[in-house]
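Here is the structure we will look at.
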Amino acid sequence: MGRAFEFRKARKMKRWSAMAKTFTRIGKDIVIAVKEGGPNPETNARLRAVIQNAKAANMPKENVERAIKKASDKDTANYKEVLFEGYAPHGIAVLIETATDNNNRTVANIRSYFNKCNGTLGTQGSVEFMFDHTCNFRIPAEGQDVEELELEMIDFGVEEIFADEDGIVMYAPFESFGAIQKELESRGLEILSSGFDRIPQITKELTPEQVADVEKLLEKIEEDDDVMNVYHTMQESAE
């Protein structure tokens, strides 16, 4: 299996206390998608993808509809997607995706977490190059031949494909998202969920004590309401 498989397995086994934040995150995704392309999922591919993810997360349909309606309101806050980069202790690169309606607040908060945990908030471009920006899709496994599907989807940018207990997962470069979404939809294949990841090109193994130092910072960052995703170069165990 390739890097995407190992990355996904490790992240899946991680504590995902963030599940409590999932609906909040999806709500922000809906606002961003609606502001960007309108409230109609038929004509807004990004919104269509967010709705699929909401369904996969068991978010009630009423919540989704309420979020779309609220996002269409002119008075609703505009969320801006901002990327933060820095270093945790022991030379671990950290990449943080946020969606914020108050950039000054978010910058101050993220900086304080790094300062309190002996890390360093970096400048734009300081660690982003260490991660591959990818997109992913999950479809039902029933009736699908993984090898055959891989051969067919290579033309649309898919680089890695594998089956797990939740279906068939495909990984491709970030730029291939639209082409793959369009192709899967044209084939009538149900997209259970889709999204984006930043997979570290190289990971670093740490001692248990060093891991605890890094985890302390990661937990503070993950608890912030403006934070959507956190990626790092620390080697994670999938145990």
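The values are calculated or read from the model by the stated rules, or taken from the named source; none is laboratory data. Just so you know, these numbers come straight off a predicted model, no measurement behind them. All Cβ positions, glycine included, derive from the backbone under ideal geometry; neighbour counts span all protein chains shown. These accessible areas exclude ligands, DNA and RNA; they are computed on the full protein's heavy atoms, side chains included. Shrake-Rupley method; radii C 1.70, N 1.55, O 1.52, S 1.80 Å.
Of the listed pairs K80/K204; K28/K74; K21/K182; K70/K182, which have alpha-carbon separations greater than 23 Å here? Let's see the in-between values first.
Details: K80/K204 31 Å; K28/K74 15 Å; K21/K182 29 Å; K70/K182 27 Å.
Table pairs above 23 Å Cα-Cα are K80/K204; K21/K182; K70/K182.
Rounded to the nearest 5, what is the percent of antiparallel bridges among the DSSP beta bridges in the chain? Walk me through the numbers on the way to the answer.
Numbers: 35 of 36 bridges.
Bridges in the chain that DSSP calls antiparallel: roughly 95 percent.
In the range 188-239, what percent of the accessible surface is made up of carbon and sulfur (1.4 Å probe, ligands and nucleic acids excluded)?
Values: 1220 of 2660 Å².
The computed percentage sits at 46.
When the helix-only estimate is applied to the chain (DSSP H runs of n ≥ 4, each -39,500 (n - 2.57), divided by the residue count), what is the mean residue ellipticity at 222 nm, nearest 500 deg cm²/dmol? Show your work: numbers first, answer last.
On the way: 8 runs with 101 residues, N = 239.
Mean residue ellipticity, 222 nm, calculated: -13500 deg cm²/dmol.
Tell me the carbon and sulfur percent of the accessible area for the range 17-71, rounded to whole percent, probe radius 1.4 Å.
The computed percentage sits at 56.
Could you do me a favour and compute the accessible area per residue for the chain, 1.4 Å probe, result in Å²? Can you show the working numbers first?
Values: 12850 Å² over 239 residues.
On a per-residue basis, the chain sits at 54 Å².
By average Cβ neighbour count within 10 Å, what is the ranking of 63-72, 80-89 from highest down? Please report the intermediate quantities before stating the final value.
Numbers: 63-72: 16.9, 80-89: 18.5.
Ranked by mean Cβ neighbours within 10 Å, highest first: 80-89, 63-72.
May I ask you to derive the relative contact order of the range 129-231, considering only C-alpha pairs under 8 Å and at least 6 residues apart, and to give it as an integer percent? List each step's numbers first, then the result.
Numbers: 133 pairs, mean separation 35.2, N = 103.
Dividing the mean separation by the residue count of the range 129-231 yields 34 percent.
What are the ³J(HN,Hα) couplings of the range 44-55, residue after residue, when phi is run through the Karplus curve with 6.51, -1.76, 1.60 and θ = phi - 60°? Round to Hz, x for glycine and proline.
Computed from phi, the couplings for the range 44-55 are 10, 4, 5, 5, 4, 5, 5, 5, 4, 5, 5, 5 Hz.
May I ask you to order 97-109, 22-34 by the average number of other C-beta atoms within 10 Å around their residues, highest value first? Please report the intermediate quantities before stating the final value.
Values: 97-109: 16.2, 22-34: 21.0.
In decreasing order of mean packing, 97-109, 22-34 become 22-34, 97-109.
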